[in-house]
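Single-structure report; data block below.
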Amino acid sequence: MEVQVTIIVLILGLVIYTKIRNKRLIETVTKSNRGTRSERKLVLKLLKYGIPSQTIFHDLYVEKRKRRYAQIDLVVPTSVGVLVFEVKDYSGWIYGNDSPRWTQVLAYGREKHRFYNPIMQNSKHIIDLKKKLSQFENIPFFSIIVFYGDSVIKDFGHVPYRTFIIKPRSLRKLISDILKNSDPAQYTNKREVVNVLKEAVRNGDSPEIRNMHIAHIMNMSG
């Protein structure tokens, strides 16, 4: 009995230690209240894959025009280009095509929900980000859509060049393949890139900017 209690205590201690360690690791990149839980899971994965914390930018608000912002889940500049992540958290079956809306199917077809095509969504994020710096026009961008949750992707239509739709378990291999099979990016000023991304992260610290963005999204969705 005493041995069983000792084992349970050790297991609980290990679980608590792991949670504390992971939380501290995530906080080298972002705050514990920024973004969604799945986004922070993705940050943790990238860190554990050896991506330096100073190259991971989470929950960015990129200013466009007239005080409008594009909210981007995650951006990672690498030696071969810029990785732009869109994180989705869905259960059920996912049906996609080239239309602006995809469909989530639940309860064996009895329940359906529509959501914005994430390929188009992240493509627009990349366009908005590219407008911030002239050197971005000569740097490859990779659009990576990561589906968390108990979802099964049934179809997603045409997938553009340098666009990837994956589950989290495929992330390590995808990043490895991108880094291994791509030519070095021709950055002209890396500090300039970092400053733009840092500014976008700081924008997300502003409640005014966040509320304006939410209000704009609600107006767009009717």
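The values are calculated or read from the model by the stated rules, or taken from the named source; none is laboratory data. These numbers were taken from a predicted model, which means no experiment stands behind them. Every residue, glycine as well, gets a Cβ built from its backbone with ideal geometry; the counts of neighbours run over all protein chains shown. Quick note on the areas: whole protein, heavy atoms, side chains included, nothing else; ligands and nucleic acids left out. Shrake-Rupley method; radii C 1.70, N 1.55, O 1.52, S 1.80 Å.
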Residue check, SER79 against (1) farther than 17 Å from ILE166 by Cα; (2) small (Gly, Ala, Ser); (3) open to solvent by less than 40 Å² (accessible area, probe 1.4 Å), all met but one. Which one?
(3)
Of all residues in region 86-137 being part of a loop (DSSP other than H, G, I, E, B) and within 17 Å of PHE156 (Cα to Cα), which is least open to solvent (accessible area, probe 1.4 Å)?
ASN117
Which condition breaks for LYS66 when tested against (1) without any contact (Cβ under 8 Å) to a residue 12 or more places away in the chain; (2) surrounded by 17 or more Cβ atoms within 10 Å (Cβ to Cβ); (3) not small (Gly, Ala, Ser)?
(2)
Looking at LYS31, is it of a type in the set (Lys, Arg), part of a loop (DSSP other than H, G, I, E, B) and farther than 26 Å from VAL159 by Cα?
yes
Does region 139-151 contain any residue that is touching a strand residue (DSSP E or B) at 6+ places or on another chain (Cβ under 8 Å) and in a helix (DSSP H, G or I)?
no
Looking at region 138-164, which of its residues are farther than 14 Å from PHE85 by Cα and touching an Asp or Glu at 6+ places or on another chain (Cβ under 7 Å)?
GLY149, GLY157, HIS158
Residue pairs within 7 Å by beta carbon, gap of at least six or interchain, first lying in region 34-55 and within 10 Å of LEU74 (Cα to Cα), second polar (S, T, N, Q) and modelled with pLDDT of 95 or more, listed first then second, are ARG40/THR30; VAL43/THR30
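Condition first: assigned to a helix (DSSP H, G or I) and at pLDDT 90 or above. Can you find one or more residues in region 9-17 that meet it?
no
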Report, by residue number, each residue of region 169-222 that is surrounded by 16 or more Cβ atoms within 10 Å (Cβ to Cβ) and within 22 Å of ALA70 (Cα to Cα).
VAL193, VAL196, LEU197, ALA200, VAL201, ASN203, GLY204, ILE209, ARG210, HIS213
Of the residues in region 140-165 that are surrounded by fewer than 15 Cβ atoms within 10 Å (Cβ to Cβ) and under 18 Å from LEU42 (Cβ atoms), the one that is farthest from the chain's Cα centre (by Cα) is ASP150
